[in-house]
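> This is the structure I have questions about; it appears just below.
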Amino acid sequence: DALKDDMLQAARRRGWNGVFSTFNAVSYKTQVVAGINYFVKIAVTPQSFVHARIFQPLPHTQQQPSLHAVRVAKDDAELGYFE
């Protein structure tokens, strides 16, 4: 639930003023960089979605994955890189 709380706080900084009544991954994409970026589309209400960018560093760094960005999205918004 820490990830959910972090995402809710980040979404609120971007203008979201609701609560996450659901929290279900709908789809995802990956991007290989110096680790892996996961772009995840998450249903947070029956009609609302957020996109999350989660970075997983390379194994030799011994670092944990971390939430790098969140954006409020429309249901037809394409997943891809964002800040």
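> Which of (1) over 24 Å from Asp76 (Cβ atoms); (2) assigned to a strand (DSSP E or B) is the odd one out, the single condition Asp6 does not satisfy?
(2)
> Being at pLDDT 90 or above, out of contact with any helix residue (DSSP H, G or I) (no Cβ under 6 Å at 6 or more places or on another chain), open to solvent by 80 Å² or more (accessible area, probe 1.4 Å) and basic (Lys, Arg) is the requirement here; does Lys29 meet it?
yes
> Check Val19, Val26 and return the single one that is in a loop (DSSP other than H, G, I, E, B), more than 17 Å from Glu83 (Cβ to Cβ) and among the aliphatic types (A, V, I, L, M).
Of the residues listed, the single one that is in a loop (DSSP other than H, G, I, E, B), more than 17 Å from Glu83 (Cβ to Cβ) and among the aliphatic types (A, V, I, L, M) is Val19.
> If we scan region 33-56, do we find a residue that is touching a Gly at 6+ places or on another chain (Cβ under 6 Å), at pLDDT 95 or above and either surrounded by fewer than 11 Cβ atoms within 10 Å (Cβ to Cβ) or over 16 Å from Leu3 (Cβ atoms) (or both)?
no
> Are any of the residues in region 72-83 part of a loop (DSSP other than H, G, I, E, B), open to solvent by less than 80 Å² (accessible area, probe 1.4 Å), among the hydroxyl-bearing types (Ser, Thr, Tyr) and in contact with a strand residue (DSSP E or B) (Cβ under 7 Å, 6 or more places away or on another chain)?
Residues of region 72-83 that are part of a loop (DSSP other than H, G, I, E, B), as a first pass: 74-83.
Subsequent filtering for residues that are open to solvent by less than 80 Å² (accessible area, probe 1.4 Å) retains 77, 79-80, 82.
Among the residues that remain, those that are also among the hydroxyl-bearing types (Ser, Thr, Tyr) are: none.
Checked against the condition, which is being part of a loop (DSSP other than H, G, I, E, B), open to solvent by less than 80 Å² (accessible area, probe 1.4 Å), among the hydroxyl-bearing types (Ser, Thr, Tyr) and in contact with a strand residue (DSSP E or B) (Cβ under 7 Å, 6 or more places away or on another chain), region 72-83 yields no hits at all.
> Report every pair of residues separated by at least 6 positions or lying on different chains whose Cβ atoms are under 9 Å apart, first residue within region 1-25 and open to solvent by 90 Å² or more (accessible area, probe 1.4 Å), second assigned to a helix (DSSP H, G or I).
Once the first residue is open to solvent by 90 Å² or more (accessible area, probe 1.4 Å) and sits in region 1-25, its partners that are assigned to a helix (DSSP H, G or I) give Val19/Leu8.
The values are calculated or read from the model by the stated rules, or taken from the named source; none is laboratory data. A quick note: this is a predicted structure, and the numbers were derived from the prediction, not measured. Counting neighbours? That spans all protein chains shown, and the Cβs are built from the backbone with ideal geometry, glycine included. Ligands, DNA and RNA are excluded from the accessible area calculation, which covers all protein heavy atoms including side chains. Shrake-Rupley method; radii C 1.70, N 1.55, O 1.52, S 1.80 Å.
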